[in-house]
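Novice: Can you keep this structure in mind? I'll have questions shortly.
The values are calculated or read from the model by the stated rules, or taken from the named source; none is laboratory data. Computed from a predicted structure; not experimentally measured. Neighbour counts are summed over all protein chains in view; Cβ atoms, including those assigned to glycine, are modelled from backbone coordinates with ideal geometry. Ligands, DNA and RNA are stripped out before the accessible areas are found, and what is left, the full protein with its side chains, is counted by its heavy atoms. Shrake-Rupley method; radii C 1.70, N 1.55, O 1.52, S 1.80 Å.
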Amino acid sequence: MISVRFLVGWWLAMLLGVAGAQVPERLSEADVRHLLGRTGFAPSPAEVAPWVGMTPAAAVDRLLAQAEVATPRHPAPAFTAEPVHVPYGQLPDEAARRQARVRDRADTRALSTWWLVEMRESPTPLTERMTLFWHNHFATSEQKVRQPQGMYVQHLLFRRYALGSFRDLLQAVARDPAMLVWLDGGSNRAKAPNENFAREVMELFALGEGHYTEADVREAARAFSGWGVRRTDWQATFQPRQFDTGPKTLFGVTARYDMGSALDHILAQPASARFIVDKLWREFVSPTPDLRVAGRAAAELRANGWRTSAALRVLLLSDPFWAPATRGVLVKSPVELAVGTLRQFDLALDDFGPVEALTGRLGQDLFQPPNVKGWTGYTAWIDGATLLERKRFTERVFLALENGAGMMADGARRGRLGPARVAFDAGGWLRPLGAWPDREPDAATASRLQAAVLPVPPVNPVPAGTVGLPYLRAMTLDPAYQLK
Amino acid sequence: MKLHRRHLLSLAACAGLPGWARAASVVDRVLVLVELKGGNDGLNTVVPYADPAYAALRPTLALKPDVVLPLDEKVGLHPALAPLMPLWAQGELAVLQGLGYPSPNLSHFRSIEIWDSASASDEYLDDGWVARAMAAGLRDRAHFTTEGVALGSAGPGALRGARAVAIGNVDAFVAQSRLVRSVDGGGSPALAHVLRVESDVMKAADGLRTPPATPLATEFPAGAFGQAVRATCRIVAGQAGQGGVPVFHLSLGSFDTHQQQAGTHAGLLKQLAEGLVALRAGLVEAGAWDRTLVLTYSEFGRRARENQSRGTDHGTASSHFALGGAVKGGLIGTMPELERLDATQNLVHTSDFRQVYATIARQWWGVPPEKVIRGRFDPLPFLRA
């Protein structure tokens, strides 16, 4: 039985181990699970196998290279190809507006579901994780944009620049119609400046608090004036007459800034590269950026034309990333928990509606982050309500499989998750780990199972006599399953 | 003979303590925090309708004197708050005017952090002010079922750092609590967090398992806020004599009204008023209103001058409500002067929000205010002495 004292001791020992070189020469199975789990979703045993034995540099380079050229596997929902919807304000009456709201909600759900399927099936999950990273970084919600197609257009932007130039992405996002609507950029005129976008560019998108003044916000807002959104075809427009042509003083330098030069000047501030790197660190490595490595990554980011891949490569090949103490120190987001569970157990699902609903209940409605700061993440994902909902999800999946149509001749299990049918090749999944659907694992097998499912040893021992699927279910109910 | 607090209170009752103090010992009191998310426009909530500067600053948004609900000859409530007027008449509603803090921060996130943690503008504290009150002695006086319950989707806010749980649906919460096992312990901070939440869930579920003997007859508004109010009343009604839950956190919003504010704001205030009236009815029915204090708060008020989009931008000071059977109704403090705005064209606060917390710490919970809020803050007279 693994005691809490053991866990604490284990973790302290790992902490003390940080000092020396930690990057492995060749990747073990555990190393591959760590790398794939952090840069994608929890991997299945089959997904892990091809990477074992590679050097970390070769593996990271392959991950980044593949992710940069990836394209979606499925066509986007049909509505994305239709003409944009008429804005609510132009609809004749309340009944028409109500109908439009119902349609927009359905479209947004379809879009989220499509994306979740991409995440589940993608051979390059890092593309999806980076796209999600930017969605959270430039958090924009359909609830205000009221144009699901506009959210799709923005999504394509995040996908296109997923690992590419952050500078180009920032310039593009500033002119993205959904962002112009979301932060009132479309109503920022020379005579009536609206500071919303200018403030968030500095606080949340490029610099962070403490690295700008209220005067910088006011002046930048003037530089961003003149932009609008043409609702008929969802295009950003620039109206010179609404633009403040006067000189502006930004970070102590006076010039006739416009949107492009103001954003470049913001990125030229010393704090900008570190701001992005620290956010990447908290997403992919740990809650606390390492000063030395983050500084190196920031320098690489600037030296490589702001390519995010260059910064991420430094983080993924750093000692802190590989240190044993870094395993299991992050919390799976709802999307990572849901998609990760499906990928980890190689579960087949014929309807992703229940998964879309689940991520919403767990606090991560795609295309509807709670506010411009995005999802807080980390331990904020887990409170009394969401922890129970998280556990209920994996419990329901396994109970459905256990109580479903019984074991098929080929060892496959089937069950239902609400309207969805779920299937699991229990025999095929367990066999390579030396386990069987109808046999209690011995000690060696149990530790292989645990390593395949949990990032750190389980807190609660699985009760004696637990066999096959219930054994897997018990592990997903362990507190350690919430971590990555 | 060892004198217990209860004995002291019953002795004090003879000496003429007010009703709410007789009704309950400190540990049976209920604080309901209602967060108006997004920055509520205080000037169009508690309206300085007689001030010509108000109409001048807000050509389209100013409420006409004939529609506001006058509280005196200077200020009145937004008409959507009409359901609160009976509470005002009964002296159960205090209006706390001009609450804010020095060097206000106009970011939603930082400013709500300042309110929740009761920090200064340039001070970063991890725990909420309620957690510090628990640590300052409140925790030792009672075996609370759980120290706080946050209902709905907002984070723990002022409860951060306390043994609090967030709950969507009470029945589902109790049913699903079988999925956790209470283990204290460590590992990484992330694992420690999960274990702590498990332990909190166990404790909270133990206390919530018993439903109220008779279901509440009060009707609650539909919608998320009304249902959070319903859950609050249900928990309070079900915990009679059990030590209970001392603090609730509810939220409503978004009040982030940059554009076309009027309709949105009226709708939100209506929800607020109807929810608060239902909260009163439910807690009266549960026999708990006399020992309840409800407090609204928000990260900031909004810019005095309306913007070109018939909305308002991020501002500073704002008025808030304290209500309950223990409240001494009336206008408290002074309305900021509309003709003396700060460099960002914002209102200058007249009372510090930490004075409200200091009042609650000292008079409501009887814990030393300086352990809850750093620095000295004079109490405000919104509780019956």
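Novice: What is the average number of partner chain Cβ atoms found within 10 Å of a Cβ in A:376-383?
Specialist: Numbers: counts 2, 0, 3, 7, 4, 3, 7, 12.
If you average over the peptide's residues, the count of other-chain Cβ atoms is 5.
Novice: Which net charge results for the neighbourhood of A:LEU267, defined as the other residues with beta-carbon distances under 10 angstrom from its beta-carbon, given Lys and Arg at +1 and Asp and Glu at -1? Intermediate values should be presented prior to the final figure.
Specialist: Numbers: positive: A:ARG167, A:ARG302; negative: A:ASP264.
Every neighbour counted, the sum reads +1.
Novice: Restricting to Cα atoms and excluding each atom paired with itself, what does the Kirkwood estimate give for chain A in Å? List each step's numbers first, then the result.
Specialist: On the way: mean 1/r = 0.0415 Å⁻¹.
Hydrodynamic radius (Kirkwood, Cα pairs) of chain A is 24.1 Å.
Novice: How large is the dipole of the range A:64-124 about the Cα centre if only Lys and Arg carry +1 and Asp and Glu carry -1, each at its Cβ, rounded to the nearest 20 debye?
Specialist: Dipole magnitude for the range A:64-124 comes out near 220 debye.
Novice: If you count only protein heavy atoms with a 1.4 Å probe, what accessible area per residue comes out for the range A:309-423, rounded to a whole Å²?
Specialist: On the way: 3530 Å² over 115 residues.
Heavy-atom SASA per residue in the range A:309-423 reads 31 Å².
Novice: Need one number: the % of Cα-Cα pairs in the range B:324-385 sitting beyond the 20 Å mark.
Specialist: Numbers: 734 of 1891 pairs.
That tail contains 39 percent of the Cα-Cα pairs.
Novice: Which residue, A:ALA348, B:GLY324, A:GLY305, has the largest displacement toward the positive end of the dipole of the protein assembly as shown when charges sit on each Cβ (Lys, Arg +1; Asp, Glu -1)?
Specialist: My answer, from the dipole projection, is B:GLY324.
Novice: Let me ask you something else. Would you mind telling me the share, in percent, of accessible area of the protein assembly as shown contributed by carbon and sulfur at probe 1.4 angstrom?
Specialist: Percent of accessible area from carbon and sulfur atoms in the protein assembly as shown: 53.
Novice: Roughly how far apart, in whole Å, are the Cα centres of the range A:351-387 and the range A:96-125?
Specialist: What the calculation gives is 15 Å, centre to centre.
Novice: While we're here: What is the spin-label model distance, in nm, from A:ARG296 to B:VAL284 if the labels are put 7 Å beyond Cα along the C-beta direction?
Specialist: Distance between label points: 6.9 nm.
Novice: Something else about it: At a Förster radius of 51 Å, what calculated FRET efficiency corresponds to the Cβ-Cβ distance of B:ALA53 and B:ALA217, to the nearest 0.05? Present the calculation step by step, with values, prior to reporting the outcome.
Specialist: Values: r = 47 Å, r/R0 = 0.92.
The calculated FRET efficiency here is 0.60.
Novice: Give me the net charge for the shell around B:GLY226: Cβ to Cβ below 10 angstrom, other residues only, Lys and Arg +1, Asp and Glu -1.
Specialist: -1
Novice: Assign one of three labels to the range A:172-219, namely rounded, prolate or oblate, based on the Cα gyration tensor with a ≥ b ≥ c the square roots of its eigenvalues; rounded applies when a/c is under 1.5, prolate when it is not and a/b is larger than b/c, and oblate otherwise.
Specialist: Cα axes put the range A:172-219 in the oblate bin.
Novice: Using Cα pairs closer than 8 Å and at least 6 residues apart in sequence, work out the relative contact order for chain B, in percent.
Specialist: Dividing the mean separation by the residue count of chain B yields 29 percent.
Novice: Return the long-range amide H neighbours of B:ALA166 (sequence gap of 5 or more, or a different chain), with a cut-off of under 5 Å between placed amide H atoms.
Specialist: Sorted by chain and number, the residues that satisfy this are A:GLY384, A:ALA385, B:ALA150.
Novice: Filter the trypsin sites (Lys or Arg not before Pro) in the range A:113-211 to those in DSSP coil with at most 10 other Cβ atoms within 10 Å of their Cβ, and list the result.
Specialist: A:LYS191
Novice: Does the range B:75-211 come out rounded, prolate or oblate, given a ≥ b ≥ c as the square roots of the eigenvalues of its C-alpha gyration tensor, rounded meaning a/c under 1.5 and, failing that, prolate meaning a/b above b/c? Please list the in-between numbers first.
Specialist: On the way: a/c = 2.24, a/b = 1.42, b/c = 1.57.
Oblate, since a/c reaches 1.5 and b/c is not below a/b.
Novice: When a/c is below 1.5 the answer is rounded, else prolate if a/b is larger than b/c, else oblate, so apply that to the range A:276-407 with a ≥ b ≥ c taken from the square roots of the Cα gyration tensor eigenvalues.
Specialist: Cα axes put the range A:276-407 in the prolate bin.
Novice: Which longest run of chain B has no exposed loop site in it, a site being GluC sites (Glu not before Pro) in a DSSP loop with at most 12 other beta carbons within 10 Å, and the site itself not part of the run?
Specialist: Values: sites that count: B:GLU73, B:GLU123, B:GLU219, B:GLU339.
That would be B:220-338.
Novice: Based on the Cα coordinates of the range A:191-288, what is the per residue volume of their convex hull in Å³?
Specialist: 117 Å³
Novice: Quick one: give the max-minus-min coordinate of the C-alpha atoms of the range A:30-145 along each principal axis, largest first, in Å.
Specialist: Over the range A:30-145, Cα extents along the principal axes are 65, 24, 22 Å.
Novice: Something else now. Within 14 Å, Cβ to Cβ, of A:ARG98, how many net charges do the neighbouring residues add up to if Lys/Arg are +1 and Asp/Glu are -1?
Specialist: +2
Novice: HN-Hα J couplings of the range A:224-234 from phi, Karplus 6.51/-1.76/1.60, θ = phi - 60°, integer Hz, Gly and Pro as x?
Specialist: Coupling constants for the range A:224-234: 8, 5, x, 8, x, 10, 8, 5, 5, 10, 6 Hz.
Novice: Can I ask one more? Pop a pseudo-label 7 angstrom from the Cα along the beta-carbon direction at both A:ALA49 and A:ARG62 and give the gap in nm to one decimal.
Specialist: With each label placed 7 Å out from Cα toward Cβ, I get 1.4 nm.
Novice: Got a sec? Which residues of the range A:183-210 lose 20 Å² or more of accessible surface with every protein chain in place, vs. that chain alone, 1.4 Å probe?
Specialist: Residues of the range A:183-210 that lose at least 20 Å² of accessible area once the other chains are added: A:ASP184, A:SER187, A:ALA192, A:ASN194, A:GLU195, A:ASN196, A:ARG199, A:GLU203, A:GLU209.
Novice: What's the longest bit of chain A with no exposed GluC sites (Glu not before Pro), using DSSP loop states and at most 14 other Cβ atoms within 10 Å as the test? Each step should come with its number before you reach the end.
Specialist: Working: sites that count: A:GLU25, A:GLU209.
Value returned for the longest uninterrupted segment is A:210-484.
Novice: Charges at C-beta only: +1 for Lys and Arg, -1 for Asp and Glu. How large is the resulting dipole of the range A:162-240 about its Cα centre, in Debye rounded to 20?
Specialist: 400 debye
Novice: OK, next. Taking amide H positions as placed in the peptide plane 1.01 Å from N, state which residues far from A:VAL422 in sequence (5 or more) or on other chains have amide H under 5 Å from it.
Specialist: A:GLY415, A:ARG416, A:LEU417
Novice: Same structure again: If amide hydrogens are placed 1.01 Å from N in the peptide plane, which non-local residues have theirs closer than 5 Å to the one on B:VAL30?
Specialist: Here the answer is B:THR292, B:LEU293, since their amide H atoms fall under 5 Å of that of B:VAL30.
Novice: Right, here's the next one. Placing +1 at every Lys and Arg Cβ and -1 at every Asp and Glu Cβ, with all other atoms neutral, what dipole size does the protein assembly as shown have around its Cα centre, in debye to the nearest 20?
Specialist: Approximately 680 debye in magnitude.
Novice: Quick one: accessible area per residue over the range B:227-275, 1.4 Å probe, rounded to a whole number of Å²?
Specialist: On the way: 1520 Å² over 49 residues.
Per-residue value: 31 Å².
Novice: May I ask for the angle, rounded to the nearest 10°, between helix B:108-117 and the longest principal axis of chain B, with both axes built from Cα atoms and the value confined to 0 to 90°?
Specialist: With both axes taken from Cα atoms, the answer is about 50 degrees.
Novice: Straight-line reach only, C-alpha to C-alpha below 18 angstrom: list the aspartates and glutamates that B:LYS270 could link to, leaving out same-chain residues fewer than 8 apart.
Specialist: By straight Cα distance, B:LYS270 reaches B:GLU35, B:ASP41, B:GLU219, B:ASP256.
Novice: Applying the Karplus parametrisation 6.51 cos²θ - 1.76 cosθ + 1.60 with θ = phi - 60° to the phi angles of the range A:264-275, what ³J(HN,Hα) value in whole Hz is obtained for each residue in order, glycine and proline being reported as x?
Specialist: Taking θ as phi minus 60°, the curve returns 4, 5, 5, 5, 6, 5, x, 6, 5, 5, 4, 4 Hz for the range A:264-275.
Novice: Please compute the modelled spin-label separation between B:GLU370 and B:ASP140, points set 7 Å along Cα→Cβ, answer in nm with one decimal.
Specialist: Label-label distance for B:ASP140 and B:GLU370, simple model: 1.7 nm.
Novice: Take the alpha-carbon centre of the range B:319-384, take the same for the range B:154-195, and report the distance between them in whole Å.
Specialist: 31 Å
Novice: Cα-Cα over 24 Å: which of B:LYS37/B:LYS74; B:LYS74/B:LYS328; B:LYS37/B:LYS203?
Specialist: Flagged as over cut-off: B:LYS37/B:LYS74; B:LYS37/B:LYS203.
Novice: Along the positive direction of the dipole of the range A:401-477 (beta-carbon charges: Lys, Arg +1; Asp, Glu -1; about the Cα centre), which of A:ALA474, A:ALA443, A:LEU433 reaches farthest?
Specialist: Most positive-ward Cα: A:ALA474.
Novice: Which value, in Å to one decimal place, does the Kirkwood hydrodynamic radius take for the protein assembly as shown when every pair of different Cα atoms is included?
Specialist: 29.0 Å
Novice: At a probe of 1.4 Å, how much accessible area disappears from chains A and B on forming the pair, both sides counted, to the nearest 100 Å²? Before the final figure, lay out each step's value.
Specialist: Values: alone 20330 and 16510 Å², together 33560 Å².
Buried area (both sides, nearest 100 Å²): 3300 Å².
Novice: Okay, next question. Find the relative contact order for the range A:110-220 and round it to a whole percent, using C-alpha pairs within less than 8 Å whose residues are 6+ positions apart.
Specialist: Taking the mean separation of contacting Cα pairs over the length of the range A:110-220, I get 19 percent.
Novice: May I ask you to evaluate 6.51 cos²θ - 1.76 cosθ + 1.60, the Karplus curve with θ = phi - 60°, for each residue of the range A:137-152 and list the ³J(HN,Hα) values in order in whole Hz, giving x for glycine and proline?
Specialist: Here the 3J(HN,Hα) series is 5, 9, 3, 10, 10, 4, 4, 9, 5, 6, 7, x, 5, x, 5, 5 Hz.
Novice: Still on this structure, I have one more. In degrees from 0 to 90, rounded to the nearest 10, what is the angle of the helix B:5-14 Cα long axis to the longest principal axis of chain B?
Specialist: The two axes meet at around 60 degrees.
Novice: So what does the Cα-only Debye profile of the range B:230-385 read at q = 0.10, 0.15, 0.16, 0.20 Å⁻¹, as log10 I(q)/I(0), no solvent term?
Specialist: The calculated log intensity ratios at q = 0.10, 0.15, 0.16, 0.20 Å⁻¹ are -0.45, -0.97, -1.07, -1.37.
Novice: Antiparallel DSSP bridges in the protein assembly as shown: what percent, to the nearest 5?
Specialist: Values: 31 of 54 bridges.
Taking every DSSP beta bridge with both residues in the protein assembly as shown, the antiparallel ones total about 55 percent.
Novice: Could you tell me the center-to-center distance, by alpha carbons, between the range A:24-80 and the range B:82-134 in angstrom?
Specialist: About 47 Å separates the Cα centre of the range A:24-80 from the one of the range B:82-134.
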